[in-house]
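Scroll down for the structure; my scribbles are underneath it.
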There are 2 protein chains.
Amino acid sequence: MEPQNVKGFRDLRPREAYRKNEIISTIRKVYESYGFLPLETPGLEYLDILLGEYGEENTKQIFRFKSPEEQQIALRFDLTVPLARVVAQYNDLPKPFKRYQVGSVWRADKPDPGRFREFTQFDVDVVGASSQLAEAEVISAVVKSLREIRVGEFVVNVNSRKILNAVVDYSGISPERAKDVFRILDKLNKIGMENVELELTKGRYDTSGDFIPGLGLDDTNVRKIKEYLALPKGERKKVLTEIRELLGEQSCIDLINLDELLDAIGLGSDIVAFNPTIARGLDYYTGPVFEVNLKDKPQFGSVAGGGRYDNLVKRFTDAELPAVGFSIGVDRLLAALDTQVGRQEAGVDVVITIMEQDRLSDYLKLANELRNVGIKTDLYLGSEKGLRKQMQYADKMNAKFAVIIGSNEFEKGTVTIKDLKAGESASKDAAQREDWLKKSREVQKEIPRNDLVRQLKDLL
Amino acid sequence: MEPQNVKGFRDLRPREAYRKNEIISTIRKVYESYGFLPLETPGLEYLDILLGEYGEENTKQIFRFKSPEEQQIALRFDLTVPLARVVAQYNDLPKPFKRYQVGSVWRADKPDPGRFREFTQFDVDVVGASSQLAEAEVISAVVKSLREIRVGEFVVNVNSRKILNAVVDYSGISPERAKDVFRILDKLNKIGMENVELELTKGRYDTSGDFIPGLGLDDTNVRKIKEYLALPKGERKKVLTEIRELLGEQSCIDLINLDELLDAIGLGSDIVAFNPTIARGLDYYTGPVFEVNLKDKPQFGSVAGGGRYDNLVKRFTDAELPAVGFSIGVDRLLAALDTQVGRQEAGVDVVITIMEQDRLSDYLKLANELRNVGIKTDLYLGSEKGLRKQMQYADKMNAKFAVIIGSNEFEKGTVTIKDLKAGESASKDAAQREDWLKKSREVQKEIPRNDLVRQLKDLL
């Protein structure tokens, strides 16, 4: 049987999985410092819970099947709809409910290179808050998270669905078509203005030759949308002046409030910009929308996105529960971090080699002794008896040191420590490096067995 | 639309989700200290990858559906089969491959109270190691994890499939029926000896009235199995003596090796016992099998289980990759911990109340100031203007302190700190407690604004 992943799915091997854990624990710590509480929901939901008013176009992206009770169920495609279910389902949660959740979501999209059908979102949301304080808090928490992850320079681009609704009105387009317009505008960065214009009007053929029908808007409609899209971006107060002039103060009152709060916490336009071209693709947004782009790595698209969704919880309850959230795309961050050098990598501090098969207990005892003082210690468990093969293994484990105890060392009560990283500057080439390690004498030393813990702790 | 979970699925609300994170990060730290590397595999696999030789009886428990390419896919039911796929798929992993993985698995079982269709396993495995050093390492890592979680007293019960195979032979049962016998023996603790005997012979009706067909063994077969099951349990050397006598040394050579290694690392029979009644239900085990039971909480069943599976990887490759693993059932641990008092609970250090709507920026600045020195700080984001409702909120957030700044305090440059936990000893009754907090003066004090950080850090 051929070992392979389902099309569109992938494994995270130790290097990536280790880095992903790092990202997640960093974000978790920041969100907890902001007073957000954790939540976990199942991977599966009833299909109608997920669908709601979600457009027909998007239902194709859902992995759906039947429960053992023959009911329609599906894998969740985001963490926001399950949150809306949760706040409607339990009446004893704190209100506002500030929660974070990290987990897999699944979309039956056409897989692209770098685009997978299962990916991890790290969401932070406030449910039950209408004040722009909530926007300021989630933006501040995401900015702090991304800074602590050291992903490089980034900008949070902010716009508002209220502004976009005013644009639809200003452009002479009927409000029922607003969501379709937003979904097309959301693709602007990806497909460019020319293709956006085709999708707004007569339609176009995409790169795989499929026809994407157009919205059938007329020239006046499109001219006015383009007039809006040509507004300046970046400097918040400048953008607000222009929008106020074109569309009226009421359209941007949320962003005026938000701008003031962001000023108060020292987030300037260099880090949180207002950007009229941001739309976001999901139907449920009703107010400010955000997305984060990496300044020097535009190829990764947006690494986080979110916005205000005041009506989503109404799908499940009559209670008025205005909400705002921000979702970090952990896989995109992971891909972006992969281009950085000098980060902590998966691996161990020490590999203990096994030279004497009749002294297994002694090696095992030593391993536990090192672990007990906080040294990440691997003991070679394979069947290779030779030092060379075991050294190759230690290298693959990205070990900093090897600890070698042969019959000689056992007799004398000593151990040999070998510095496996000393060779790194000598050569990046694996074969040369191995050769270097083999010959090199100055990177290893024999020390008394009872001095091992102290010396390793000093070296690490 | 009614907000509800799919039958057999549940949400983890903040209290449980917080505790689960605690469990997972504790285990992760221990496993990394043992030199295990992280791995992540998708929730979905091709159905035939999962099924392999897995018995027809168990295939019903798999959630299966179709990929967008119309191929048979399914949700993983454990993390071991995906690991076997991974080690066969990539030839550049370290060998032996020591990995840990934590994630959801799904089984379309009949849901029971406390038994869910999605649950979290935390697995640790060594692939490519035939020595009992590997068993000693995974057992040692699990013991250390459970100790660090402080789950209370527990025993790792160990047996071996080689012993059980010898029992099948000794009892005059044909080897093809061995796996069926083991699946029934595995239920011993749950259904009792009488029902095990019925399932081995003529079958029985279960509590829901369904008939479970028997294996059709005869009296001699059963008498010999019962003779074996009546052997002493616990003290390892004593058990080994008895097994050696009844079934011969060859059946327990693995456990003789393991016993010696466990002695070396100070794990006595009080913590790792040999127990002839342990069988484990999965087909793929070939050598030692383990399960962990809580001494004072037998109602939670086994909280971890595992064993050696030397042939599983052969499903995907010709390479000889003997393996051993141990899986911790995170949800069962969670349930067990829930019965303990005095553990750290989800919550925040401080809730800042909002008294003056025109000073939002000041509250926001203060919140970030506290967060920056490591104080978990929540800012009230709701629409309630009154202190009483905001205090109720702080209570639900399990906050230790409330920070109150009204117009008075703003004018004087002070803040009021209220100790929300001081009332806990006064009363556990929510209504009385609220009353107490309202009246109590000695639990709150007004201090200079610029002394807040210092005083809070002292108090926390």
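The values are calculated or read from the model by the stated rules, or taken from the named source; none is laboratory data. A quick note: this is a predicted structure, and the numbers were derived from the prediction, not measured. Note that we place each Cβ from the backbone using ideal geometry, even for glycine, and neighbour counts take in every protein chain shown.
Some values worked out for this structure:
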item	result
Every residue from region A:154-179 that is under 27 Å from the mean Cα position of the chain (by Cα) and modelled with pLDDT under 95	A:LYS179
Residue list for region A:279-310, filter: assigned to a loop (DSSP other than H, G, I, E, B), modelled with pLDDT of 90 or more and basic (Lys, Arg)	A:ARG280, A:LYS295
Any hit, region B:135-142, residues being hydrophobic (A, V, I, L, M, F, W, C), within 14 Å of chain A (Cβ to nearest Cβ) and in a strand (DSSP E or B)	no
Subset of region A:308-348 that is more than 30 Å from A:THR80 (Cα to Cα) and of a type in the set (Gly, Ala, Ser) - its residue that is surrounded by the fewest Cβ atoms within 10 Å (Cβ to Cβ)	A:GLY342
Hey, A:GLY152 within 11 Å of another protein chain (Cβ to nearest Cβ) and not hydrophobic (A, V, I, L, M, F, W, C) or not	no
Some residue of region A:11-25 being surrounded by fewer than 21 Cβ atoms within 10 Å (Cβ to Cβ), part of a loop (DSSP other than H, G, I, E, B) and either within 8 Å of chain B (Cβ to nearest Cβ) or in contact (Cβ under 8 Å) with a residue 40 or more places away in the chain (or both)	yes
Selection count where residues are under 30 Å from A:LYS376 (Cα atoms) and in contact with a Leu (Cβ under 9 Å, 6 or more places away or on another chain), scope region B:1-21	5
Test for A:ASP123: is it of a type in the set (Asp, Glu) and more than 18 Å from the chain's Cα centre (by Cα)	no
Meets criteria (assigned to a loop (DSSP other than H, G, I, E, B) and either touching a residue at least 60 places away in the same chain (Cβ under 8 Å) or within 7 Å of another protein chain (Cβ to nearest Cβ) (or both)) for A:LYS7	yes
Unmet requirement for A:VAL351, which otherwise passes all of (1) in a helix (DSSP H, G or I); (2) buried (at least 19 other Cβ atoms within 10 Å of the Cβ); (3) in contact (Cβ under 8 Å) with a residue 12 or more places away in the chain	(1)
Test for A:LEU294: is it within 17 Å of A:ARG147 (Cβ to Cβ) and touching a residue at least 60 places away in the same chain (Cβ under 8 Å)	yes
Every pair of residues 6+ apart whose Cβ atoms lie under 8 Å, when the first sits in region B:189-209 and is under 19 Å from B:ASP112 (Cα atoms) while the second is among the polar types (S, T, N, Q)	B:ASN189/B:THR277
Filter result for A:ASP125 (within 12 Å of chain B (Cβ to nearest Cβ), of a type in the set (D, E, K, R), in a strand (DSSP E or B) and more than 22 Å from A:ASP270 (Cβ to Cβ))	yes
Residue within region A:111-121 that is part of a loop (DSSP other than H, G, I, E, B), of a type in the set (S, T, N, Q) and surrounded by fewer than 24 Cβ atoms within 10 Å (Cβ to Cβ) present	no
Residue list for region B:128-163, filter: among the small types (Gly, Ala, Ser), surrounded by 23 or more Cβ atoms within 10 Å (Cβ to Cβ) and more than 20 Å from A:LEU360 (Cα to Cα)	B:SER145, B:SER160
Complete set of residues in region A:129-153 that are in contact with a helix residue (DSSP H, G or I) (Cβ under 8 Å, 6 or more places away or on another chain) and under 11 Å from A:ARG308 (Cα atoms)	A:SER131, A:GLN132, A:GLU135
Residue selected from region A:355-369 under the condition at the interface with chain B (Cβ under 9 Å from one of its Cβ atoms) and touching a strand residue (DSSP E or B) at 6+ places or on another chain (Cβ under 7 Å), by the criterion nearest to A:GLN455 (Cα to Cα)	A:ALA367
Test: residue in region B:371-383 that is more than 13 Å from chain A (Cβ to nearest Cβ), among the aliphatic types (A, V, I, L, M), out of contact with any Ser or Thr (no Cβ under 6 Å at 6 or more places or on another chain) and touching a residue at least 24 places away in the same chain (Cβ under 8 Å)	no
Residue that is surrounded by the fewest Cβ atoms within 10 Å (Cβ to Cβ) [pool: residues in region B:62-76 that are more than 9 Å from chain A (Cβ to nearest Cβ) and under 21 Å from the mean Cα position of the chain (by Cα)]	B:ILE62
Filtered residues of region A:300-341 (kept if more than 14 Å from every other protein chain (Cβ to nearest Cβ) and farther than 20 Å from A:ASN159 by Cα)	A:PHE300, A:ARG332, A:LEU333, A:ALA335, A:ALA336, A:LEU337, A:ASP338, A:THR339, A:GLN340, A:VAL341
Test: residue in region A:161-179 that is within 14 Å of another protein chain (Cβ to nearest Cβ) and out of contact with any Lys or Arg (no Cβ under 6 Å at 6 or more places or on another chain)	no
Some residue of region A:161-181 being of a type in the set (Asp, Glu) and more than 16 Å from A:GLY281 (Cα to Cα)	yes
Criterion (more than 10 Å from chain B (Cβ to nearest Cβ), touching a residue at least 12 places away in the same chain (Cβ under 8 Å) and small (Gly, Ala, Ser)) met by exactly one of A:GLY52, A:GLY43, A:GLY114	A:GLY114
Any hit, region B:87-94, residues being surrounded by 19 or more Cβ atoms within 10 Å (Cβ to Cβ), within 22 Å of A:LEU370 (Cα to Cα), free of Cβ contacts under 8 Å to residues at least 60 places away in the same chain and facing chain A (nearest Cβ under 8 Å)	yes
Odd one out for A:GLN344, checked against (1) more than 17 Å from A:LEU452 (Cβ to Cβ); (2) of a type outside the set (Phe, Trp, Tyr); (3) more than 9 Å from every other protein chain (Cβ to nearest Cβ); (4) part of a helix (DSSP H, G or I)	(4)
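Table: residues versus (1) touching a Gly at 6+ places or on another chain (Cβ under 6 Å); (2) at pLDDT 95 or above.
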{"site": "B:PHE326", "(1), (2)": "yes, yes"}
{"site": "B:VAL330", "(1), (2)": "no, yes"}
{"site": "B:GLN340", "(1), (2)": "no, no"}
{"site": "B:ASP349", "(1), (2)": "no, yes"}
{"site": "B:GLU384", "(1), (2)": "no, no"}
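Per-residue answers, yes or no, for (1) of a type in the set (Val, Ile, Thr); (2) modelled with pLDDT of 65 or more:
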residue	(1), (2)
A:GLY413	no, yes
A:ILE417	yes, yes
A:LYS421	no, yes
A:SER427	no, no
A:ALA430	no, yes
A:LEU437	no, no
A:ARG454	no, yes
A:LEU459	no, yes
